[in-house]
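The values are calculated or read from the model by the stated rules, or taken from the named source; none is laboratory data. No experiment lies behind these values; they were computed from the predicted model shown. Neighbour counts run over all protein chains shown; Cβ positions are idealised from the backbone, glycine included.
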């Protein structure tokens, strides 16, 4: 591996730990827990791991006799900055537990466990990955661990390597699967613990005990730098409207945080669109009014932020997409018939006839390109791949049409030229910020302590994140506490409840109070690149979302 000068410097960075993890650790057990909803159903599905207490770590005074422990680690789902530091935290934590402990990484995600593909992670092997972005140390994947056959196949390699615990680093679906695995191994007395770690740049895996998922801090800072660059270019050229789609399928946390960082002229929040039951035309009208108002002041330029998952939050589109998901369910006879047709126009016509009257009308009204994108292959969870839908172009073109109507009516006298961008992969593997480097290392170390304490079915939790790292509060939260039942592939399934942007929350309320000013004035902020070295007031700050939530 070729090492850059920055990476060499970052390798020397020593992540900070909460005080409770710096020496001996004492576990404090809280009250028994229950799921956020559907308590009877979740309890019945997880009889061995439901209702466990919250756990908080405190500095301990004594250490107990420890035996070496072998641990496996899996990176699951999309990449997020800081994953390597979670692994570093696990490694250092189990080595402190006993120097002869060993860590094995399963390659290519959960599929590596099932297919018995692994590598031992040694100190020498790990050294080049500390404080770096990406998941390339062992790779990731989207195999879903759901079936008994997969669990049993994984158990074979775990027993062969004498692995007593597995840490699954992933988002809400991955941690749900981690809980299924923990429940199964407990039910058969396999002697294997399973611990989860909260990962997703989307920011939708959060609650009272998980204040933020790792990677969100770094990714939003990377996107904010890029948005700031574009804002400055827009303010320099003064002739383009930039429509920027931002990653974040199920929630608008990324868009909101980037708006707080950069102060764009327009930022759509999917949850608000759903709450207000805005139609696609309502959104277009809202954007066109802002464009026209700026043009009236001689400003034929601006920046608009659009969440990746917006289209699913528009009520009429949400109904349409749900119907499409059911009609084009993988393995169905109609899906096979549909895929076999080469003529796109005929395919759309055939599909429109299968929809309800309302959804059929919406589907037929869409531009052909967008309608085709809605019929593409589903993701691993059976859902439309919204990242492939060019919502930014759809809105830009519809705003252009609206402005032409306004020009004919004499209510708009400006020029409108567009540039389109999608920021997603640019942030997933960025070198972690100091915050994420510290947070991820603490999460991994927390997972190691939970393992050493014999816990299973827990997710590592580190809280109090707006304070200095030494004051962070580490512990564990039962995964079942975060679950509810949702409809997936035509069946009710237990899943971790996604955290959407709260419209009554401080971050959104602050944004809502400022956006009218940002819309008409040019208030762009240019955050610049992530800074690793320099004043703590710049380098170690968490997101504005966290600062506002915990103020």
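One table, with the values for the structure above:
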item: Index of the failed condition, residue 100 passing every other in (1) in a loop (DSSP other than H, G, I, E, B); (2) surrounded by fewer than 17 Cβ atoms within 10 Å (Cβ to Cβ); (3) modelled with pLDDT under 95; (4) in the same structural domain as residue 172 (by TED's automatic domain parsing); result: (3)
item: Filter result (farther than 14 Å from residue 477 by Cβ and in a helix (DSSP H, G or I)) within segment 177-197; result: 177, 180, 181, 183, 184, 185, 186, 187
item: Residues being surrounded by fewer than 18 Cβ atoms within 10 Å (Cβ to Cβ) and part of a helix (DSSP H, G or I) - total across segment 112-125; result: 4
item: Boolean, residue 432 is surrounded by 22 or more Cβ atoms within 10 Å (Cβ to Cβ) and over 19 Å from the mean Cα position of the chain (by Cα); result: no
item: So residue 171, is it touching a strand residue (DSSP E or B) at 6+ places or on another chain (Cβ under 7 Å) and not assigned by TED's automatic domain parsing to the domain that holds residue 441; result: no
item: Qualifying position, being in the same structural domain as residue 419 (by TED's automatic domain parsing), over 27 Å from the mean Cα position of the chain (by Cα), at negative phi and modelled with pLDDT of 85 or more, among 320, 324, 355; result: 355
item: Hits in segment 145-162 (condition: in contact with a helix residue (DSSP H, G or I) (Cβ under 6 Å, 6 or more places away or on another chain) and either surrounded by fewer than 20 Cβ atoms within 10 Å (Cβ to Cβ) or under 18 Å from residue 427 (Cα atoms) (or both)); result: 153
item: From 78, 89, 51, 93, residue being at pLDDT 95 or above, in the same structural domain as residue 458 (by TED's automatic domain parsing), in a loop (DSSP other than H, G, I, E, B) and closer than 21 Å to residue 459 by Cβ; result: 51
item: Failed item in (1) crowded, with 22+ Cβ neighbours inside 10 Å; (2) over 21 Å from the mean Cα position of the chain (by Cα); (3) not in a loop (DSSP other than H, G, I, E, B), with residue 129 passing the rest; result: (3)
item: Criterion violated by residue 60 - all others in (1) touching a strand residue (DSSP E or B) at 6+ places or on another chain (Cβ under 7 Å); (2) exposed (fewer than 14 other Cβ atoms within 10 Å of the Cβ); (3) under 30 Å from residue 496 (Cα atoms) satisfied; result: (3)
item: Residue 384, sole failed condition from (1) assigned to a loop (DSSP other than H, G, I, E, B); (2) within 24 Å of the chain's Cα centre (by Cα); (3) assigned by TED's automatic domain parsing to the domain that holds residue 237; (4) surrounded by fewer than 24 Cβ atoms within 10 Å (Cβ to Cβ); result: (4)
item: Any chance residue 303 is crowded, with 19+ Cβ neighbours inside 10 Å, in a helix (DSSP H, G or I) and either touching a residue at least 60 places away in the same chain (Cβ under 8 Å) or in contact with a helix residue (DSSP H, G or I) (Cβ under 8 Å, 6 or more places away or on another chain) (or both); result: no
item: Qualifying residues in segment 1-46 (those that are in a loop (DSSP other than H, G, I, E, B) and free of Cβ contacts under 8 Å to residues at least 12 places away in the same chain) - the one nearest to residue 94 (Cα to Cα); result: 14
item: Single residue of 304, 251, 293 found to be out of contact with any strand residue (DSSP E or B) (no Cβ under 6 Å at 6 or more places or on another chain) and closer than 23 Å to residue 419 by Cα; result: 293
item: Answer from 83, 139 - the residue that is within 27 Å of residue 202 (Cβ to Cβ) and either surrounded by fewer than 22 Cβ atoms within 10 Å (Cβ to Cβ) or not assigned by TED's automatic domain parsing to the domain that holds residue 198 (or both); result: 139
item: Residue identified as surrounded by fewer than 18 Cβ atoms within 10 Å (Cβ to Cβ) and touching a residue at least 12 places away in the same chain (Cβ under 8 Å) among 488, 463; result: 488
item: Test result for residue 203, in contact with a strand residue (DSSP E or B) (Cβ under 7 Å, 6 or more places away or on another chain), buried (at least 24 other Cβ atoms within 10 Å of the Cβ) and closer than 22 Å to residue 35 by Cβ; result: no
item: Selection status of residue 221, under 19 Å from the mean Cα position of the chain (by Cα) and in a helix (DSSP H, G or I); result: yes
item: Close pairs (8 angstrom Cβ cut-off, 6 or more residues apart or separate chains): under 10 Å from residue 240 (Cα atoms) and outside the structural domain of residue 285 (by TED's automatic domain parsing) in segment 407-420, modelled with pLDDT under 95 and surrounded by 13 or more Cβ atoms within 10 Å (Cβ to Cβ) anywhere; result: none
item: One residue from 109, 51 being within 23 Å of residue 174 (Cβ to Cβ) and buried (at least 20 other Cβ atoms within 10 Å of the Cβ); result: 109
item: Candidate set: segment 358-379, residues that are exposed (fewer than 13 other Cβ atoms within 10 Å of the Cβ) and under 29 Å from the mean Cα position of the chain (by Cα); chosen: the one nearest to residue 310 (Cα to Cα); result: 376
item: Residue list for segment 473-484, filter: surrounded by fewer than 24 Cβ atoms within 10 Å (Cβ to Cβ) and over 20 Å from the mean Cα position of the chain (by Cα); result: 473
item: Pair list, Cβ < 6 Å and 6+ apart or interchain, from segment 528-543 residues that are outside the structural domain of residue 226 (by TED's automatic domain parsing) and more than 20 Å from residue 470 (Cβ to Cβ) to residues that are at pLDDT below 80 and not in a loop (DSSP other than H, G, I, E, B); result: 531/538; 531/539
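Let's see how each residue does on (1) part of a loop (DSSP other than H, G, I, E, B); (2) under 22 Å from the mean Cα position of the chain (by Cα); (3) within 18 Å of residue 169 (Cα to Cα); (4) modelled with pLDDT of 95 or more:
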residue: 437; (1), (2), (3), (4): no, yes, yes, yes
residue: 441; (1), (2), (3), (4): no, yes, yes, yes
residue: 446; (1), (2), (3), (4): no, yes, yes, yes
residue: 449; (1), (2), (3), (4): no, no, yes, yes
residue: 454; (1), (2), (3), (4): yes, no, no, yes
residue: 462; (1), (2), (3), (4): no, yes, yes, yes
residue: 465; (1), (2), (3), (4): yes, yes, no, yes
residue: 470; (1), (2), (3), (4): no, no, no, yes
